[in-house]
Every structure is written in structure tokens, then in C-alpha cells.
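None of the figures in this text is laboratory data; all of them are computed from the coordinates on show. Remember, predicted model here, so these are calculated numbers, not experimental data. Ideal geometry is used to build each Cβ from the backbone, glycine not excepted, and the neighbour counts take in all protein chains shown.
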Amino acid sequence: MFQQVPMVEIDGMKLVQTRAILNYIASKYNLYGKDVKERALIDMYIEGMTDLNEMILLLPLTPPDQKDAKVALIKERTTNRYFPAFEKVLKSHGQDYLVGNRLSRADIQLVELLYEVEEVDPSLIANFPLLKALKTRISNLPAVKKFLQPGSQRKPPIDAKKLEEAKKIFKF
Amino acid sequence: MAAKPKLYYFPGRGRMESIRWLLAAAGVEFEEELFETREQYEKVQKDGRLLFGQVPLVEIDGMALTQTRAILSYLAAKYDFYGKDLKERVRIDMYTDGTLDLMFPIMASPFQPPKEKEEGLASAVKKAKTRYFPVYEKILKNHGEDFLVGNKFSWADIQLLEAILMVEEMNASVLSDFPLLKAFKARISSIPTIKKFLQPGSQRKQPPDSHYVELVKNILQI
């Protein structure tokens, strides 16, 4: 629609815009909380996750002379802004999931983010016991466990060769 | 009686403006705390109401909501601007994500060095003309209805109007090739709650000037 991907064909529609796609899938598969208020909390949490995720996603595109500074910023934000916020949420209610005592997209997206941060620096999660526990718990859910295994459709981090290909295709 | 929603932000548009538009369109009165000093801002930060230490913050229905899109989605659902079912909602999500993608770089540009600012604004106008406005023109053409989704006034319409006005402030003739968008603009602008918001004296904020940019930079220490 806006000359961009991702695009997902589902239920007779061609969906674009990452958030719109995620919102649709989460609603359809009951991973979006039980009411508008739970949804608002979930949205607030995942928007924060998206901000950090975007910084990590764009790291391969950073010019070499700016890369160290970018990595330092990612580490700082992770340690001082994002991980403390989610650890605090889990501590505040003591439940197994971020929202409504039930699995939601917030838990899935947080664990995805935890794996990505681990790829940047595995030591960053060291002082966040509840995040560590959530990561283990969610990773053991059968569907997630399967996705984390080799042979699934999960994609590896981008490498230099794939980045060059992408640059050619998308002309950037 | 429920308390009015309360908005916490700087005295300008930024990321709070889309929220103001939505509340105004719903005819909902709201209060604002506008940060003029770093002390005011730090007080809100220290209160622990800012989940990620950032504004916008909206206090509504007993919640301290941050993250622009989370707030907008909540308000859209609350005031029945989010379509009648999941399929209409996903279309509204796609369209509003598009307009936010168009508007955010424009909002960010005053805070950039002069050269990047010029380039950013020029790029935004170009994207409006070649990527975004053609899409919305086509949507209106395809169904021939007055509103973008479901033949009913929604968040998508409110935000498209906001985006059109924002781009027009940089390039007054940007709608010259889009007759349906021109008609759309006139139509939505004359909805009573929107008309009221567009008049002087409303809580609509001005485009950022150098004073605003300095204020924000001081408060955020950037």
C-alpha cells in the first residue's frame, strides 16, 4: 500500500504496516488482553519494546564510525530505561505474565526482545531476575519452544551478504 | 462524574497533538499540564507515572498511559472511532500508521540541524505527494464514500485531516492533484467538533517555532 514491506496475506486481505498486522493477529488469536484497559497496558508495553527493538534492528545500517556510540546507547537504554520498566511490572503483580495473569503478545514480544538484546550483549539481563524467569517460562511454551528450534521459520540475524542484497533490492 | 482526561506535555504539538485531535473530535473536554520548566517535567518523572521516562502522558480512567500509539488506540476504541469489527479496525490501523509515519519526521525536523531539517521537510512533502496522498485518494475513489472506513467517521479520518493540514503548512498546493482529498478536507473540517477545534481559542497548538524548540531542548537537556 505504501510501497513497503512487511506485507501479510491473511483472511482475504493484504495487510501492511507492521503494527496493524501485529494488532490483527494478536486480536484474532486472543493474545491482546480481555478488554480495552488490558489492551492499553499491552500497547504501552509493546510500544516501548518496539522503540528498543528498532534501535537494534537498525544497528547493521549504522555507519562504522557511529557504531560504537549506537551500541553504547542501546546498552544504556536497555539497562536504565527498558529492562527496569518491565522488571518493575512483573514485580508489581508477581504474576507469570505481563498483563492480566494470562499469556499475551506483550510476553511474546518481550521474550523476542530479550533474545535480541542477548545477541548484542548477554550480560545485560544479569540484574533482572524476573525477566530471566519470564524468558525461560515463555521459551518453554510448546509453540515457542518449537519456534526456537532449528528448522523453524525463525530467521537468523542479518549478515553482511544479506544486507547487501537488501540494499540492492530496496535501493538504500 | 468521571474526571476529565489530563494531558502532560510541552506547550506545543509534538506527539501529543494527534491525541488532542482525537479528544477534540470526540467532543471530550480535557485538562493539560504544559511543561514550561525542567522542574515541572522532573516532578512528573519522579512521580513514577512515566513508564519509560517519557511523555506524552495521559491520565484517563484511572490509568497513567504513555506511548503515543497506545494512547491513541485506547481513545479511538473508547470514543467509537475504531470501526465496527476487527477487519475495519485493521484498515484503520494501516491508514493511521501511514499518516503517523508521514507526520513523525515533520514533528522531529525542528530539532535537527538546519541542513537535515530542510532535507527532512522536503522529503516529507515528496512522500506526501508520491506515497501517502495517492493511497488515500484511491481509497476514497474506490468506495466513493465520505469517510475512509466503513462509511463512518473514524480515527483514520481525523488523522488524515491532521496530516493534510500539517503538510499544507509547508506546501500550500500539496493537494492540487487530489480532488477527493480536497473535498474530504472541507467535509471533515466542517464536522462541528472539528470545526470548533480549528478555531482560535481551542486547545490546538501552534506549529513549532524557535522558542518552542529551545524550551524543549532545555527541558530534555538535549
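Tell me whether chain B comes out rounded, prolate or oblate; compute the Cα gyration tensor, take square roots of the eigenvalues as a ≥ b ≥ c, and use a/c under 1.5 as the rounded threshold. Here chain B falls in the oblate category. Averaged over the residues of A:34-46, the number of partner chain Cβ atoms lying within 10 Å of the residue Cβ comes to 5.
Quick one: compute the contact order of the range A:34-170, relative version, from alpha carbon pairs under 8 angstrom and 6+ residues apart, as a percent.
Values: 89 pairs, mean separation 33.2, N = 137.
Contact order relative to length: 24 percent.
The dipole here belongs to the protein assembly as shown: it is taken about the Cα centre, uses +1 on the Cβ of Lys and Arg and -1 on the Cβ of Asp and Glu, and is about 740 debye. When Rg and Dmax are taken over the Cα atoms of chain A, they come to 17.1, 48 Å.
Under the classification rounded if a/c is under 1.5, otherwise prolate if a/b is larger than b/c and oblate if not, where does the range B:42-144 fall, given a ≥ b ≥ c as square roots of the Cα gyration tensor eigenvalues?
Values: a/c = 4.21, a/b = 1.14, b/c = 3.69.
Note, shape of the range B:42-144 comes out oblate.
Between residue A:146 and residue A:11, the simple label model (points 7 Å from Cα in the Cβ direction) yields a spacing of 2.2 nm. The share of C-alpha pairs in the protein assembly as shown whose separation exceeds 33 Å stands at 34 percent. Among B:189, B:159, B:176, whose Cα lies farthest out toward the positive end of the dipole of the range B:86-190, if unit charges sit on the beta carbon of Lys, Arg (+1) and Asp, Glu (-1)? The residue sitting farthest along the positive end of the dipole is B:176. Summing Lys, Arg as +1 and Asp, Glu as -1, what charge do residues with Cβ under 12 Å from the Cβ of residue B:132 carry, residue B:132 excluded? Charge balance in the 12 Å sphere: +2.
If you add up the charges near residue B:43, with Lys and Arg at +1 and Asp and Glu at -1, over every other residue whose beta carbon is less than 15 angstrom from its beta carbon, what do you get? Computed value for this residue: -2.
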